[in-house]
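Everything on this sheet refers to the single structure shown next.
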Amino acid sequence: MARRRTSGAETEGAFSFRRFGIGLAAAALPVAAVWLALTPTYNRFLVGAGENVVHLLESPDVTGLLPSLDDRNYAYITRSDFPPARRRVTSFRVTDLHFNLVLLGTLFLAVPGVPWRRRLENLGWGLLAAVFFHLLLVLFRVEFVYATQLGAWSHDHYGPFARNFWGLGKHLLDLPLKLAFPFVMWAAFYLRRLGVGVIPTS
Amino acid sequence: MAKKTTEGEATEARERRSWGREVRFLALFVGLLAAAFTFISWTPVNDRVIEPFTAGIARASGVTLDLLGQDVEMRGTVIESPRFAVNIRNGCNGVEAMLIFLSAVLAFPAPWRSRALGLLLGVAVIQLVNLLRVVALFLTGAYFPSWFDTSHTVVWQTVVILSGVVLWIFWADRLARPRSAAPAAS
């Protein structure tokens, strides 16, 4: 009775909110622990790959992203075309860009009635999308600093449209979309289980 | 053979229609969310609505901290005591979680009555969780300052957003649909 056949070949159980709640409670701490353990490695990857993404928008490649030696959560933005005293432009907390992975992992693993293999497969796709999203966040973080935070230099090198584009883009990506990203991915994979496909639109 | 193909095509068409609703939900959700955040970022809205709202949250948090025996004073969006001070700013006022919840409720196909109920419930629960966050963060800053950064940006942001998402899933699963529209079990 509690099982229904979905479009795929596997048979899946109906959505149960109680079981989902239990799943959330069970998944949250292990996911957070894995995220904490992998954070230094992922920070290094994001800083390295993010630098390459920033280079796609500049010629010559003057931006450098350097992991902080004092605090592994931070990275420095540097520009090789600035005078040596100002070469280190600013720093940002890399960990802040990807803590939404905890929410993503918890939501994906907590879904009841889905075979584990399918859950992990879906989580894999969600994580892959998250990596691209985080790289986009790095790009917008760096360009936001260049376009709006460097006073006269920003005004000389970025027009009004560019300043607004990078400013608003960073604001939207860094707050609402970063926080909503796990939910968007979850909904993309599991909204059907809440019956959205069978409800007549109001 | 010809009948099978027709049945297969019909199933495929049903699948496409069903995925179309999911795509519509996600597009509406992201569109509403981006529009809502752009709107509240507009200086007049920020100054006349968001800042007073944030000051109200600071006052409620200050009163709660007072009840917990903390010697706090409030100035606008700032709560301070001899041990610690915090400035409640955008990102700490629960507005983000509320707008995520609101966008998801409006994007989901449901009767307006269910949506209104969901919005009332959501705003109340999210603000309650946010009050807990501000109070807990203040106490963390006052007594465990080395944990403040992680607690501020990682732990409590995750908790507040998770509470909004879970609340929405509860609403969509239990309150949003007429019972007759529930997916058929076989």
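Tabulated results
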read-out	value
Count of residues meeting criterion [part of a helix (DSSP H, G or I), at the interface with another protein chain (Cβ under 10 Å from one of its Cβ atoms) and among the aliphatic types (A, V, I, L, M)] in segment B:95-126	6
Test for A:Ala129: is it in contact (Cβ under 8 Å) with a residue 12 or more places away in the chain, within 14 Å of chain B (Cβ to nearest Cβ), surrounded by fewer than 17 Cβ atoms within 10 Å (Cβ to Cβ) and more than 22 Å from A:Ser59 (Cα to Cα)	yes
Unmet criterion (only one of (1) within 11 Å of another protein chain (Cβ to nearest Cβ); (2) under 23 Å from the mean Cα position of the chain (by Cα)) for B:Pro52	(1)
For B:Val134: the one exception among (1) under 14 Å from B:Gln157 (Cβ atoms); (2) touching a Leu at 6+ places or on another chain (Cβ under 6 Å)	(2)
Search result, residues across segment B:75-94 that are in a strand (DSSP E or B) and surrounded by fewer than 17 Cβ atoms within 10 Å (Cβ to Cβ)	B:Arg75, B:Val78, B:Glu80, B:Ala85, B:Asn87
Evaluation of A:Arg93 against (1) in contact (Cβ under 8 Å) with a residue 40 or more places away in the chain; (2) in contact with a strand residue (DSSP E or B) (Cβ under 8 Å, 6 or more places away or on another chain) (one fails), failing number	(1)
Contacts under 9 angstrom Cβ, first residue in segment A:34-49 being under 16 Å from A:Tyr76 (Cα atoms), partner charged (D, E, K, R), 6 or more apart	A:Pro40/A:Arg72; A:Asn43/A:Arg72; A:Arg44/A:Arg72
Scope segment A:83-118; condition more than 14 Å from chain B (Cβ to nearest Cβ) and surrounded by fewer than 18 Cβ atoms within 10 Å (Cβ to Cβ); matching residues	A:Pro83, A:Pro84, A:Ala85, A:Arg86, A:Arg87, A:Arg88, A:Thr90, A:Pro115, A:Trp116, A:Arg117, A:Arg118
Tally, over segment A:63-75, of residues that are touching a helix residue (DSSP H, G or I) at 6+ places or on another chain (Cβ under 9 Å) and either under 11 Å from A:Phe92 (Cβ atoms) or without any contact (Cβ under 8 Å) to a residue 40 or more places away in the chain (or both)	8
Which numbered condition A:Trp153 fails, given (1) away from chain B (no Cβ under 14 Å); (2) crowded, with 20+ Cβ neighbours inside 10 Å; (3) among the aromatic types (Phe, Trp, Tyr)	(2)
Candidates A:Arg118, A:Arg141, A:Arg192, A:Arg163, filtered to the one that is in contact with a Ser or Thr (Cβ under 8 Å, 6 or more places away or on another chain) and in contact (Cβ under 8 Å) with a residue 40 or more places away in the chain	A:Arg192
First in segment B:133-162 and on the phi > 0 side of the Ramachandran plot, second anywhere and of a type in the set (Ser, Thr, Tyr) and at pLDDT 90 or above, Cβ under 8 Å, 6 or more apart	none
Members of segment B:59-84 found to be within 22 Å of B:Gln157 (Cβ to Cβ) and touching a helix residue (DSSP H, G or I) at 6+ places or on another chain (Cβ under 8 Å), listed by number	B:Ala60, B:Ser61, B:Thr64, B:Leu65, B:Thr77, B:Val78, B:Ile79, B:Phe84
Test set (1) of a type in the set (Gly, Ala, Ser); (2) touching a helix residue (DSSP H, G or I) at 6+ places or on another chain (Cβ under 9 Å); (3) farther than 26 Å from A:Gly167 by Cβ; (4) surrounded by fewer than 16 Cβ atoms within 10 Å (Cβ to Cβ) - B:Ala35 fails condition number	(3)
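The values are calculated or read from the model by the stated rules, or taken from the named source; none is laboratory data. Source: prediction; values computed, not measured. Neighbour counts are summed over all protein chains in view; Cβ atoms, including those assigned to glycine, are modelled from backbone coordinates with ideal geometry.
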